[in-house]
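*Asks:* Got a structure for you, written out below as structure tokens; questions coming shortly.
We did not get these values from a lab; they are worked out from the coordinates using the rules stated. Quick caveat, the model's predicted, so the values are computed rather than measured. Neighbour counts are summed over all protein chains in view; Cβ atoms, including those assigned to glycine, are modelled from backbone coordinates with ideal geometry.
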Amino acid sequence: MSKQPYPQRCFFRINKSQLINIEFISMYEQYGKNKVAIKLTGNKNSTLITSVNRTPLFKDWVRK
């Protein structure tokens, strides 16, 4: 079995098509009732949105 190149803690799937690296999150805030809007460093014009199902998991992940 080979080692993974990055620890699991570094990356998180925010929805079915997007993974993010915790080191590049510049800010996040509540977006509606059950979603979070995420801004990444170096990408000021883009906002990523968590899926409703992944939002509680994202909040737990980012607080660890």
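*Asks:* Would you grab the residues whose amide H sits under 5 Å from the one on Y31? Only those 5+ places off in sequence or on another chain, please, with H modelled 1.01 Å from N.
*Replies:* Excluding prolines and chain starts, which carry no amide H, the hits are V36, A37.
*Asks:* Something else about it: So for the range 8-63, taking the charge dipole from beta-carbon charges (+1 Lys/Arg, -1 Asp/Glu), which of I38, N21, T55 sits furthest toward the positive end?
*Replies:* Final value for the positive-end residue is T55.
*Asks:* Mind counting lysine pairs for me in the chain? Cα separation below 27 Å, and the two need to be 8 or more apart along the chain or on different chains.
*Replies:* Lysine pair count for the chain: 19.
*Asks:* Still on this structure, please answer the following. Please state the charge dipole magnitude for the range 8-63, taken about the Cα centre, from unit charges on C-beta atoms (+1 on K and R, -1 on D and E), reported in debye and rounded to the nearest 20.
*Replies:* That gives a dipole near 140 debye.
*Asks:* How are the Cα pair distances of the chain distributed, in percent, across 10 Å bins from 0?
*Replies:* Answer for the chain: a P(r) of 20, 55, 20, 5, 0 percent.
*Asks:* Another one. Explain nothing, just compute: Karplus ³J(HN,Hα) = 6.51 cos²θ - 1.76 cosθ + 1.60, θ = phi - 60°, for every residue of the range 32-42 in order, whole Hz, x for Gly and Pro.
*Replies:* Result, rounded to whole Hz: x, 7, 10, 9, 10, 9, 10, 10, 9, 5, x.
*Asks:* Residue by residue through the range 9-19, what is 3J(HN,Hα) from phi via Karplus (6.51 cos²θ - 1.76 cosθ + 1.60, θ = phi - 60°)? Round to whole Hz and write x for glycine and proline.
*Replies:* Each residue of the range 9-19 in turn: 5, 6, 10, 9, 8, 7, 7, 6, 10, 9, 10 Hz.
*Asks:* What length, rounded to one decimal in nm, is gained on full extension from M27 through to C10, with 0.36 nm per residue of separation minus their alpha-carbon distance?
*Replies:* 4.5 nm
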